[in-house]
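**Q** Sharing a structure with you now.
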Amino acid sequence: MAKKKTEKIVYGVIWFVTYLVVFMVGYIIFDIVIKGLPAISWGFLTQMPAKSGSQGGILPAIVGTFYLVIGTVAIALPLGIASAIYLNEYSKPSTFTRMIRLGISTLAGVPSIVFGLFGMGLFVLALGFGKSILAGSLTLACMVLPTIIVASEEALKAVPDSMREGSLALGATKWQTIYKNVLPYALPGMLTGSILGIGRAAGETAPIIFTVAATLLPRLPRSIFDQVMALPYHLYMLATQMPNQTTIKPMQYGTAFVLLVIVLGVDVVAIIFRSRLRRKNKW
Amino acid sequence: MVMIGNQTPPQIDEPEIEIDVQNLDFYYGKHQALHDICMSVPKGMVTALIGPSGCGKSTFLRTLNRMNDIIGGTRVEGKIVIQSKDIYAPNIDVVMLRKRVGMVFQKPNPFPKSIFENVAYGPRIHGIKNRAQLQEIVERSLVRAAIWDEVKDRLHISGLELSGGQQQRLCIARALAVDPDILLMDEPASALDPRSTQRIEDLIAELRGDYTIVIVTHNMQQAARVSDYTAFFYEGHLIEFGKTERIFTKPNNKQTEDYITGRFG
């Protein structure tokens, strides 16, 4: 009987903890939607900020975040996929590859503010890109690279070896095999995993503070060497650097709501993509 | 009990040799999997490799198109001469070797592409782009693999939608599409039901003569039914090799006799 009791208690605790997590996520979303949705208007989404951001819209921040995501994808995706192909398809287990893997997992554990300072040191100052979309995208790319490599490797591992053998046995070269009979099946999985990582990068503040983010720049960027506003940093500004906190509450929640919609939207797209894929690819 | 192939092999005393294996040793790391194999595979005939699990017959098969190369830490000593070229010589192009020596695997492995694209995969790899030419090759290969009638109206569906037996014949068609001289088969029917197995065996009988076929099988009746020559492997050694009829009626070696009469294995 004591066994049965333990069983019930364990079940209860696990149930409680699980629903606590769901509740917290639900509460955060609920709170932001309830307080943020009323602030959303066509003007809020399409106008320049006015009076240091306490009035007007958040268009430059939306556009800025959009550009940063595009830049990060353009840099990190090819690098990450290429690394994963090297690690999974070409390299043989050795001390060297073990060090690469150690490096990747260490990179994944580096605090984001450290990436920010690193990006400032290397891209902004040493390479002379200045605070710019380029420097910010490169910094964010460094941050999401481990996620993309790991996701891409998993996707490559999911392709059965019989696909590789079948292709090689027909006289295909290694690269032909990878390009024609491994990558096409792994690519959707790679993209899904990578999108989840990039969605997170869109919401990061610390890496962009020193590398790209403008406090207030009520115009749209003109080149990749231009600074931009970005939603997370704009939110940080509104929440900490403004004297009249109560009057700009709607601005804060409105910005948070837009950021949340973008990040969750990206995740939802990735999840739908993945579930459709799982149904399609049965070996 | 003895069963003999239902076709009598052509009566040639000195058959032309397609694959000449000379003193072949094979190592996985430090473990030696094949010991001093010497064997001459006759052209245009079916040669069966039999023996208990782990005897090295599959490893041997995979040395013939260098598929073992893709496993790390393997090493080959000795020579395998195919069409008067040592396939382990440094100047050998593995791609050209594998084009000449096709392979069919134990588990059918159609690519998750259409039936057409599965068969066209090899020719495309080797540079054929012309659509009409590809169509012609696909049809010819599927006809040759005795699956054309079953799939001719649905070449666009995924190869994965076919039954196991059909998938294996699709894989044979895919191997034939690059026009090999030699076909290696690694227990091609072991994952199939008896009816599908029958069809694969019929197909082997039909391909015999046009292709040199080397087939690994667990099933001694199958070896007796489909092959002209049989090689018995045991613990990495080639124990006995000769005409199937003779191996199954008058084996020279005690171990061979024990194995084919079912005393072990």
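**Q** Do you know which residues across region A:127-156 are surrounded by fewer than 20 Cβ atoms within 10 Å (Cβ to Cβ) and either within 14 Å of chain B (Cβ to nearest Cβ) or modelled with pLDDT of 95 or more (or both)?
**A** A:L127
**Q** With the requirement that a residue be assigned to a helix (DSSP H, G or I) and either surrounded by fewer than 15 Cβ atoms within 10 Å (Cβ to Cβ) or facing chain A (nearest Cβ under 10 Å) (or both), what does region B:54-82 give you?
**A** Result: B:R62, B:M67, B:D69, B:I70.
**Q** Of all residues in region A:40-78, count the ones that are within 15 Å of the chain's Cα centre (by Cα) and either at pLDDT below 90 or among the hydrophobic types (A, V, I, L, M, F, W, C) (or both).
**A** Selection size over region A:40-78: 9.
**Q** Out of B:L24, B:L64, I need the residue that is more than 16 Å from the chain's Cα centre (by Cα) and either closer than 19 Å to B:T217 by Cα or among the aliphatic types (A, V, I, L, M) (or both). Which one?
**A** Only one candidate qualifies: B:L24.
**Q** Filter region A:164-184 for residues that are crowded, with 20+ Cβ neighbours inside 10 Å, of a type outside the set (G, A, S), in a helix (DSSP H, G or I) and facing chain B (nearest Cβ under 7 Å) and give the result.
**A** A:L168, A:N181
**Q** Among the residues of region A:61-89, which ones are hydroxyl-bearing (S, T, Y) and without any contact (Cβ under 8 Å) to a residue 24 or more places away in the chain?
**A** Within region A:61-89, just A:Y86 meets the criteria.
**Q** Pick out, from region B:83-199, the helices (runs of 4 or more DSSP H) lying fully within it that include 2 or more residues that are within 11 Å of chain A (Cβ to nearest Cβ) and within 25 Å of A:W175 (Cβ to Cβ).
**A** In region B:83-199, B:94-100, B:115-125, B:164-176 are the helices (runs of 4 or more DSSP H) which contain 2 or more residues that are within 11 Å of chain A (Cβ to nearest Cβ) and within 25 Å of A:W175 (Cβ to Cβ).
**Q** Right, here's the next one. Just wondering, is there one or more residues in region A:236-252 that are closer than 21 Å to A:Q47 by Cα, away from every other protein chain (no Cβ under 14 Å), in contact with a Lys or Arg (Cβ under 8 Å, 6 or more places away or on another chain) and part of a helix (DSSP H, G or I)?
**A** yes
**Q** Report, ordered by the first and then the second residue, all pairs with beta carbons closer than 7 Å, sequence separation of six or more or different chains, a first member in region A:14-28 that is surrounded by 11 or more Cβ atoms within 10 Å (Cβ to Cβ), and a second member that is among the basic types (K, R).
**A** none
**Q** Given the conditions (1) in contact (Cβ under 8 Å) with a residue 40 or more places away in the chain; (2) surrounded by 17 or more Cβ atoms within 10 Å (Cβ to Cβ); (3) within 14 Å of another protein chain (Cβ to nearest Cβ), which single one is not true for B:L203?
**A** (3)
**Q** To continue, here is another question. Out of (1) crowded, with 21+ Cβ neighbours inside 10 Å; (2) at pLDDT below 95, what's the single condition that is false for B:R144?
**A** Only one criterion in (1) crowded, with 21+ Cβ neighbours inside 10 Å; (2) at pLDDT below 95 is unmet by B:R144, namely (1).
The values are calculated or read from the model by the stated rules, or taken from the named source; none is laboratory data. None of these values were measured; they are calculated from a predicted model. Every residue, glycine as well, gets a Cβ built from its backbone with ideal geometry; the counts of neighbours run over all protein chains shown.
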